[in-house]
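Bear in mind these aren't lab numbers, they're just calculated from the coordinates by the rules spelled out. Please read these numbers as outputs of a predicted model, since none were measured by experiment. For neighbour counting, all protein chains shown are included, and Cβ atoms are generated from backbone atoms with ideal geometry for every residue, glycine included.
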Ligand code: F6R
């Protein structure tokens, strides 16, 4: 494949470096599509934010060309702000509908998010989410991004490797970074419900995508620091089936 620049392994993690965000999206989507063809009722863990957008664009293109179908696929998103109405344009549910779900054939009942209405108890919603994931047979393939502080989902540092779905307080840094999607930083919710690191690490396979120079140092630390709570992504080193697909700029520091 011409767009693949480099492929190597650090610890257990397969690293693929590609030349552009588009190539990153295509490569991750190809892998997801392959797994979907092997198991049509696959359970996917999905993330939001900027990173997975090229992956979703490529998956939509595969679907439009009738190469794949999401009819039997189940999805569990990693996180959602709390409290928030699903109809709120800043909610992750709204973003996923806009960027993926409205453009593919996934039945609405197969789509899952933590319950994040103000009337929902976050403790009950978190327990229920874990239960639903387990009842679906666990996550087969999780597509993750990474925060500049190495959070996965919204597991802000310090984060324990055995944490489960729960309510967390977002750090000022994350709220500042995410304020690009809001009119002002005050509008960025202070809380979110996120799958725990333990929940994420229970996935049978993990694909982590990263793009841009802002992630380069984070990726370096995630791969080269010993697993520790202050760099939550370091715990991915303990996973047996984890792959990083990196756009060239995000791999800058590890290629140095
Ligand atoms: C969102 C999520 C977060 C993001 C991370 C990177 O569902 O799980 O961990 O993946 O904050 O965000 P972007 O991709 O916007 O840089």
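Considering each of 50, 69 in turn, give the residue that is within 16 Å of the ligand (Cβ to nearest atom), surrounded by fewer than 17 Cβ atoms within 10 Å (Cβ to Cβ) and part of a loop (DSSP other than H, G, I, E, B).
50
Here is a check on your reading of the model: is residue 253 within 16 Å of the ligand (Cβ to nearest atom) and surrounded by fewer than 20 Cβ atoms within 10 Å (Cβ to Cβ)?
Here the answer is no, as residue 253 does not meet what is asked.
Within the stretch 83-93, can one find any residue that is within 15 Å of the chain's Cα centre (by Cα), closer than 27 Å to residue 204 by Cβ, crowded, with 17+ Cβ neighbours inside 10 Å and away from the ligand (no atom under 16 Å from the Cβ)?
For the stretch 83-93, residues within 15 Å of the chain's Cα centre (by Cα), closer than 27 Å to residue 204 by Cβ, crowded, with 17+ Cβ neighbours inside 10 Å and away from the ligand (no atom under 16 Å from the Cβ): absent.
Please count how many residues of the stretch 189-212 are more than 30 Å from residue 10 (Cα to Cα) and either free of Cβ contacts under 8 Å to residues at least 24 places away in the same chain or within 12 Å of the ligand (Cβ to nearest atom) (or both).
The qualifying residues number 3.
Could you tell me which numbered condition residue 235 fails, if it satisfies all but one of (1) touching a helix residue (DSSP H, G or I) at 6+ places or on another chain (Cβ under 7 Å); (2) within 13 Å of the ligand (Cβ to nearest atom); (3) closer than 30 Å to residue 20 by Cβ; (4) in a helix (DSSP H, G or I)?
(2)
Look at residue 176 and say whether it is within 17 Å of residue 6 (Cβ to Cβ) and in a helix (DSSP H, G or I).
Judged against the criteria, residue 176 is not a match.
Within the stretch 124-172, how many residues turn out to be in a strand (DSSP E or B), touching a residue at least 60 places away in the same chain (Cβ under 8 Å) and surrounded by fewer than 20 Cβ atoms within 10 Å (Cβ to Cβ)?
Residues flagged as in a strand (DSSP E or B), touching a residue at least 60 places away in the same chain (Cβ under 8 Å) and surrounded by fewer than 20 Cβ atoms within 10 Å (Cβ to Cβ) within the stretch 124-172 amount to 1.
Pick from the stretch 26-42 the residues that are touching a helix residue (DSSP H, G or I) at 6+ places or on another chain (Cβ under 8 Å), in contact (Cβ under 8 Å) with a residue 60 or more places away in the chain and not in a loop (DSSP other than H, G, I, E, B): which of them is nearest to the ligand (Cβ to nearest atom)?
Checked the stretch 26-42; the qualifying residue nearest to the ligand (Cβ to nearest atom) is 28.
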